[in-house]
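Only one structure is covered here, and it is reproduced in the block below.
Bear in mind that the values in this text are calculations on the coordinates, not laboratory data. Nothing here was measured: the structure is a model prediction, and the numbers come from that model. No Cβ is skipped: glycine too gets one built from the backbone with ideal geometry, and neighbour counts run over all protein chains shown.
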Amino acid sequence: MLINRKNILNFLDLVKWFGLRKIYYSYKKNCLEKELKSSLIKKDVAKFLIDKYDGNQGQNVDSKNASLGFGLLHYALVQNLKPKNILVVGSLKGYVPMMIASACRDIGFGKVDFVDAAYDETDDGQNWQGIGFWKKINPKDHFAQVGVDKHIITHLMTTLEFAKKYQSKKYQYIYIDGDHSYKGVKLDYKLFYPRLEKGGIMSFHDIVASGQLTGGDYGVKKFWQELRIQEKITFPFPKNSGLGILQKR
Ligand SMILES: C[S@@+](CC[C@H](N)C(=O)[O-])C[C@H]1O[C@@H](n2cnc3c(N)ncnc32)[C@H](O)[C@@H]1O
């Protein structure tokens, strides 16, 4: 677009709609460099987040090229949906919960309930790659390293225990990455879909994963294929995991 007096207003509108307004004003205030230093798209920031919170577990990341993979997708969903209450189930070292809580920090509100039973290698058939990380560290300190601790509460328990303890809580965004067996993911769906508000979004990791893992058969794929919901988006990559997103009407 040619920038002249006549279309300057249209241009400002575009700036607004493409979410670039903040960058435009930062630039005007000469603080663009500072803004970009903390930006998620800066290579060293992205690499740090991927390494520290281990985004390498089927999250489609590429730290060399500063690509945050599904982490960025969750971040963008929260930025756009602006949920007040979010539920995240399961994570190795906190990559997805951290990305979601980062979006809350950046929009200035939103609370994440992060639920993980902290299973480890001794819980054969149950841990789904869990290494007991959450009982070895202090979750609040872990998330404080990137300033998102005010936006996240870690609950070290099973999803069934959590659902029983907090019976009336409702959510606008829910992410499931815990028990990957057919029975387990179905239970999480049954427990939490009723807690999703109308218009809210629920997503599932590993919807194309198949085979066996630490003693259990992957069953999210079968669950996802059977799910009869119109508003259902499937990301069938990376081939060993994938992401499924649905919206409640
Ligand atoms: C390690 S994650 C899988 C890796 C994950 N894709 C990532 O990106 O980090 C699976 C987690 O689910 C947790 N988990 C398994 N079954 C659970 C259940 N019923 N309730 C709560 N957490 C559970 C385990 O403790 C484990 O930490």
Residue by residue through segment 148-160, the couplings from Karplus 6.51 cos²θ - 1.76 cosθ + 1.60 with θ = phi - 60°, in Hz, x for Gly and Pro, are 10, 4, 6, 9, 9, 10, 9, 10, 8, 6, 6, 5, 5
Output ordering of 54-62, 139-147 (per-residue mean of other Cβ within 10 Å, highest first) is 54-62, 139-147
Whole-Å distance linking the alpha carbon centroid of segment 76-115 with that of segment 170-249 is 17 Å
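Filter the cross-link list 135/221; 93/239; 42/169; 136/198 down to pairs whose alpha-carbon distance in this structure exceeds 32 Å.
42/169; 136/198
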Residue-ordered couplings for segment 135-143, obtained by feeding phi - 60° into the Karplus form 6.51 cos²θ - 1.76 cosθ + 1.60 and rounding to whole Hz (Gly and Pro as x), are 9, 8, 10, 9, x, 5, 5, 4, 6
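As a footprinting exposure proxy, order 154, 234, 122 by other Cβ within 10 Å, with the fewest listed first.
122, 234, 154
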Candidate cut points under chymotrypsin sites (Phe, Trp or Tyr not before Pro) in segment 49-132, DSSP loop plus at most 15 other Cβ atoms within 10 Å of their own Cβ, are 109
Counting only residues 5 or more apart in sequence or on a different chain, those whose built amide H sits under 5 Å from that of residue 69 are 62
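Shape verdict for segment 76-222, please, from the Cα gyration tensor: rounded (a/c under 1.5), prolate (a/b greater than b/c) or oblate.
On the way: a/c = 1.72, a/b = 1.27, b/c = 1.36.
Note, shape of segment 76-222 comes out oblate.
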